[in-house]
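Peer 1: Have a look at the structure that comes next, please.
The values are calculated or read from the model by the stated rules, or taken from the named source; none is laboratory data. Just so we're clear, the structure is a prediction, and the values are computed from it rather than from any experiment. For neighbour counting, all protein chains shown are included, and Cβ atoms are generated from backbone atoms with ideal geometry for every residue, glycine included. Surface accessibility is based on the protein's heavy atoms, side chains included, excluding ligands, DNA and RNA. Shrake-Rupley method; radii C 1.70, N 1.55, O 1.52, S 1.80 Å.
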Amino acid sequence: VNQFDTVSFLSDFGNKDEFVGVVKSVIRSIAPHVTTIDITHEIPRHDVRAGSLALVRSVQYLCPGVALAVVDPGVGSERRAVAVEVAANNERGYFVGPDNGLLASAVAMAGGASRAVVLDNEKFHLPAPGPTFAARDIFAPAAAQLCLGTDLSDLGTAVDTHTLLPGVLPIPQVSEEQISCEVLWVDHFGNAQLNVSAQEIAPLGIALVVRIGEQVRRAKVVNSYSELKGGELGVAVDSYGMAALVLDRMSAADTLALHESDAVVLEAAK
Amino acid sequence: VNQFDTVSFLSDFGNKDEFVGVVKSVIRSIAPHVTTIDITHEIPRHDVRAGSLALVRSVQYLCPGVALAVVDPGVGSERRAVAVEVAANNERGYFVGPDNGLLASAVAMAGGASRAVVLDNEKFHLPAPGPTFAARDIFAPAAAQLCLGTDLSDLGTAVDTHTLLPGVLPIPQVSEEQISCEVLWVDHFGNAQLNVSAQEIAPLGIALVVRIGEQVRRAKVVNSYSELKGGELGVAVDSYGMAALVLDRMSAADTLALHESDAVVLEAAK
Amino acid sequence: VNQFDTVSFLSDFGNKDEFVGVVKSVIRSIAPHVTTIDITHEIPRHDVRAGSLALVRSVQYLCPGVALAVVDPGVGSERRAVAVEVAANNERGYFVGPDNGLLASAVAMAGGASRAVVLDNEKFHLPAPGPTFAARDIFAPAAAQLCLGTDLSDLGTAVDTHTLLPGVLPIPQVSEEQISCEVLWVDHFGNAQLNVSAQEIAPLGIALVVRIGEQVRRAKVVNSYSELKGGELGVAVDSYGMAALVLDRMSAADTLALHESDAVVLEAAK
């Protein structure tokens with residue numbers, strides 16, 4: 001009996017080459033009943049942090065099944081290829097990818113790891129002329145097997161889930177006067193998500209001062225972009241419940257020359 | 001009984017972030033039998049006109065079911081979120097998106113609106129931490145429900161179809177000597193589609209003068225790119241039946257520095 | 001009875017326009033049971049060589065069924081639109097696309113052409129307002145029909161498979177001292193695949209000199225990227241069994257200013 005019919009697939013492979021199509025072909029060849037949903041393949045090359053954050057943002061919306069995530073600068077080296085089981089509310093799910101911190105925060109958000117294996121059972125690998133395409137040769141077959149109902153333990157050697165590499169989510173410093181935080185993510189529209197929750201900004205009021213390096217800007221806390229006049233800087237609670245620097249129909253990141261990981265200080269305006 | 005098994009999805013979300021993957025995951029979570037076909041997600045940010053034109057070009061080829069289109073600069077503001085029913089040749093279909101003119105021309109081409117609702121029944125919304133991702137929280141669930149066979153009237157308050165915002169398709173000015181028109185669309189290959197039909201250019205003959213700002217160029221009406229010599233400008237009837245400025249294996253838009261909405265005058269050469 | 005349920009689709013259409021979505025909609029409208037897997041649509045415009053190589057790299061991983069490949073600078077001209085049957089190990093499959101060399105190497109790798117037709121049976125074409133979108137009007141319907149079980153011979157006039165345009169795969173010049181080769185492909189990560197197999201580089205040893213135009217660089221033969229120190233040039237057997245110029249977590253192509261088709265000479269270091 002087939003266990004799952006969806007693989008959700010995130011990577012830094014880009015859409016220029018045939019990498020994504022080949023991985024999906026491998027999954028479909030092994031498990032023809034499975035639909036693969038592309039989460040995104042435009043994670044910046046080798047950017048484990050960005051991939052991890054995109055996976056965290058997505059995870060609560062994914063279909064039951066297997067999340068296949070590959071941002072893998074250490075491919076072919078000592079880093080472990082793993083499959084991780086999560087179990088929450090009597091439902092199981094799986095994460096498949098490199099053990100480099102990419103999966104950790106999403107695994108935690110999905111209820112935590114109940115079991116994990118290193119994908120070292122070569123019976124389930126594709127024969128590979130070279131070691132650099134683990135997504136095709138190791139990860140995709142493992143994801144497909146889990147959808148077919150193959151038990152996790154058949155895919156490789158069990159590992160203590162406490163040895164999985166943790167993720168690194170930056171923590172803001174919150175005092176009564178100010179919040180020192182950073183840009184988690186700049187989206188396609190130039191909105192700059194901060195590592196600050198809606199609850200954390202509330203005590204600062206609705207008129208803020210924003211410090212970014214040498215720049216000092218006033219900003220208004222708003223519910224929607226349209227409350228902002230042309231060029232006016234806003235802080236909005238975004239669709240993930242996090243504070244974001246925004247402009248109406250313009251890119252906040254371009255206007256402020258902001259990049260992911262940049263430091264930002266928020267203060268109440270006096 | 002399921003009513004439809006296809007959602008056709010167009011947006012300006014880009015492929016960099018997880019937006020498209022999350023919307024597709026939400027649809028599949030609610031209506032697992034549905035396949036979502038991506039029309040394109042690279043409509044320029046907030047460009048309702050470009051999104052509307054891409055939808056019009058696609059609509060006659062879409063599978064029966066729901067077209068989900070989201071180019072939504074006013075998200076979170078007063079603009080209405082709507083679902084529109086069309087009925088032609090005894091077949092019904094639905095368009096879901098913002099009521100900002102994006103859907104109007106495609107709805108007209110598909111037979112016109114027979115019913116419409118504002119998507120204000122919160123029973124069918126996802127719980128949202130912020131108001132800025134209506135595609136995930138409001139539009140995708142509505143599209144999925146329509147595929148499941150939920151009646152349009154259950155999704156929200158009926159609205160008079162005559163109050164839906166109209167689309168704006170520019171009309172060329174055609175006289176005996178010349179056609180004043182504009183660039184509707186520059187495609188991936190640099191072909192510049194004009195808002196002029198095959199019928200409208202025919203009386204000008206096959207040797208044309210093309211005026212673009214200060215530029216004056218001769219052009220030849222051709223049936224295929226290969227009738228053009230290197231660098232020679234052509235006017236071809238494109239695959240949508242519209243006149244387009246083209247070169248053989250080169251970008252007409254790059255060569256002529258043409259952009260969407262630019263004014264173009266066509267005349268018979270003397 | 002349906003014969004196949006997968007179309008694998010490669011093109012140079014890009015993801016900006018609705019071209020890919022419309023082709024997939026046409027396939028699904030004709031053959032609703034079929035899933036289309038996108039191989040890639042970012043082949044450089046009109047680059048038959050690059051498309052051919054991407055198809056060759058993918059072909060052994062594709063699902064049984066139809067491969068639809070469209071890089072078609074001669075669309076609308078005299079070039080033939082074809083469907084080619086391959087038969088290997090008692091399994092049949094089909095390639096559909098222009099007869100311009102794009103399909104040839106993949107067809108050879110899949111066992112060689114057993115039958116071919118020109119797609120001239122207009123009964124299976126979509127009515128087209130213009131001749132420039134053969135993928136939508138001719139190729140997609142043919143691919144869908146083959147999935148439905150329509151016999152190849154119904155799609156058009158049989159052609160001698162020996163008249164199909166051959167592909168051009170460049171051959172390296174191998175002597176005892178050196179290999180004169182070229183860059184087949186620069187991937188998303190900047191790895192530069194050469195037209196040299198693992199067997200061919202082995203006799204040169206593990207310390208190499210690489211000549212690219214005026215540049216002379218030392219390179220080390222490695223099994224994984226992580227054996228390279230920052231900025232050190234490596235030659236690795238890639239996931240297709242070919243030699244590639246690589247760096248660890250950096251782009252070899254950017255570092256060496258390499259492009260596809262550039263000439264490269266490999267020698268044993270003294």
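Peer 1: For residues in the stretch A:167-198 being in contact with a Gly (Cβ under 9 Å, 6 or more places away or on another chain), in a loop (DSSP other than H, G, I, E, B) and touching a residue at least 40 places away in the same chain (Cβ under 8 Å), which is nearest to residue A:249 (Cα to Cα)?
Peer 2: First pass over the stretch A:167-198, keeping only residues in contact with a Gly (Cβ under 9 Å, 6 or more places away or on another chain): A:167-168, A:187-189, A:197-198.
Add one more test, that the residue is in a loop (DSSP other than H, G, I, E, B), and what stays is A:167-168, A:187-189.
Of the ones still in play, those that are also touching a residue at least 40 places away in the same chain (Cβ under 8 Å) are A:167-168, A:189.
Details: A:167: 33, A:168: 32, A:189: 8 Å.
Restricting to residues being in contact with a Gly (Cβ under 9 Å, 6 or more places away or on another chain), in a loop (DSSP other than H, G, I, E, B) and touching a residue at least 40 places away in the same chain (Cβ under 8 Å), the top hit is A:189.
Peer 1: Shifting gears a bit: Looking only at the stretch B:30-58, count how many residues are among the basic types (Lys, Arg), within 8 Å of chain C (Cβ to nearest Cβ) and open to solvent by 30 Å² or more (accessible area, probe 1.4 Å).
Peer 2: If we filter the stretch B:30-58 for residues that are among the basic types (Lys, Arg), which is where we start, we get B:45, B:49, B:57.
Next, from what is left, pick out any that are within 8 Å of chain C (Cβ to nearest Cβ): B:57.
Keeping just the survivors that are open to solvent by 30 Å² or more (accessible area, probe 1.4 Å) gives none.
Residues that pass the stated criteria total 0.
Peer 1: One residue is enough: does the stretch C:6-26 have a residue meeting the conditions open to solvent by 10 Å² or more (accessible area, probe 1.4 Å) and more than 10 Å from chain B (Cβ to nearest Cβ)?
Peer 2: No.
Peer 1: Moving to a separate point now. Residue A:137 is checked against (1) open to solvent by less than 30 Å² (accessible area, probe 1.4 Å); (2) more than 30 Å from residue C:63 (Cα to Cα) and fails just one. What number does that condition carry?
Peer 2: Tallying (1) open to solvent by less than 30 Å² (accessible area, probe 1.4 Å); (2) more than 30 Å from residue C:63 (Cα to Cα), residue A:137 fails exactly one: (2).
Peer 1: May I pose another question? What's the total number of residues in the stretch A:70-116 that are within 14 Å of chain C (Cβ to nearest Cβ) and not hydroxyl-bearing (Ser, Thr, Tyr)?
Peer 2: So the count comes out to 13.
Peer 1: Evaluate the following for residue B:152: is it open to solvent by 10 Å² or more (accessible area, probe 1.4 Å) and either of a type in the set (A, V, I, L, M, F, W, C) or within 13 Å of chain C (Cβ to nearest Cβ) (or both)? Steps first, please.
Peer 2: Working: open to solvent by 10 Å² or more (accessible area, probe 1.4 Å): no; either of a type in the set (A, V, I, L, M, F, W, C) or within 13 Å of chain C (Cβ to nearest Cβ) (or both): yes.
No; evaluated as a whole, the condition is false for this residue.
Peer 1: Something else: Out of the strands (runs of 3 or more DSSP E) lying entirely within the stretch A:204-266, which hold 2 or more residues that are within 23 Å of residue B:76 (Cα to Cα) and open to solvent by 50 Å² or more (accessible area, probe 1.4 Å)? Please lay out each step first, then the result.
Peer 2: Details: elements: A:207-212, A:215-222, A:234-237, A:242-246.
Of the strands (runs of 3 or more DSSP E) lying wholly inside the stretch A:204-266, those with at least 2 residues that are within 23 Å of residue B:76 (Cα to Cα) and open to solvent by 50 Å² or more (accessible area, probe 1.4 Å) span A:215-222.
Peer 1: Still on this structure: Quick one: in the stretch C:147-173, of everything that is at pLDDT below 95 and of a type in the set (Val, Ile, Thr), which residue is farthest from residue C:258 (Cα to Cα)?
Peer 2: C:168
Peer 1: Of the conditions (1) surrounded by fewer than 16 Cβ atoms within 10 Å (Cβ to Cβ); (2) closer than 21 Å to residue B:236 by Cα; (3) in contact with a Gly (Cβ under 9 Å, 6 or more places away or on another chain), residue C:127 clears all except one; give me its number.
Peer 2: (3)
Peer 1: Can you find a residue in the stretch A:167-180 that is open to solvent by less than 30 Å² (accessible area, probe 1.4 Å), touching a Cys at 6+ places or on another chain (Cβ under 9 Å), away from every other protein chain (no Cβ under 13 Å) and under 30 Å from residue A:110 (Cβ atoms)?
Peer 2: yes
Peer 1: Mind counting the residues in the stretch A:204-242 that are on the phi < 0 side of the Ramachandran plot, free of Cβ contacts under 8 Å to residues at least 60 places away in the same chain and either among the hydroxyl-bearing types (Ser, Thr, Tyr) or in contact with a strand residue (DSSP E or B) (Cβ under 9 Å, 6 or more places away or on another chain) (or both)?
Peer 2: 26
Peer 1: Here's something else I'd like to know. Can you pull out the residues in the stretch B:117-161 that are within 14 Å of residue B:23 (Cα to Cα), aliphatic (A, V, I, L, M) and in contact (Cβ under 8 Å) with a residue 24 or more places away in the chain?
Peer 2: Result: B:126, B:134, B:135, B:138, B:140, B:142, B:143, B:144.
Peer 1: Can you tell me which residue in the stretch A:238-264 is nearest to the other protein chains (Cβ to nearest Cβ), limited to those that are under 22 Å from residue A:198 (Cβ atoms) and over 24 Å from the mean Cα position of the chain (by Cα)? Write out each step before concluding.
Peer 2: Let us first name the residues in the stretch A:238-264 that are under 22 Å from residue A:198 (Cβ atoms), namely A:238-248, A:252-253, A:256, A:258, A:260-264.
Keeping just the survivors that are over 24 Å from the mean Cα position of the chain (by Cα) gives A:247-248, A:256.
Numbers: A:247: 12, A:248: 8, A:256: 17 Å.
Among them, the one singled out is A:248.
Peer 1: Is at least one residue of the stretch A:59-66 open to solvent by 10 Å² or more (accessible area, probe 1.4 Å), of a type in the set (S, T, N, Q) and farther than 26 Å from residue A:182 by Cβ?
Peer 2: No, the conditions are met nowhere in the stretch A:59-66.
Peer 1: Further question on the same structure: If I ask for residues that are touching an Asp or Glu at 6+ places or on another chain (Cβ under 8 Å) and charged (D, E, K, R), which ones from the stretch B:198-226 would you list?
Peer 2: Scanning the stretch B:198-226 gives B:211, B:220.
Peer 1: Search the stretch A:73-84 for residues being open to solvent by 10 Å² or more (accessible area, probe 1.4 Å) and at pLDDT 95 or above, and hand back the single one that is farthest from residue A:151 (Cα to Cα).
Peer 2: The selected residue is A:80.
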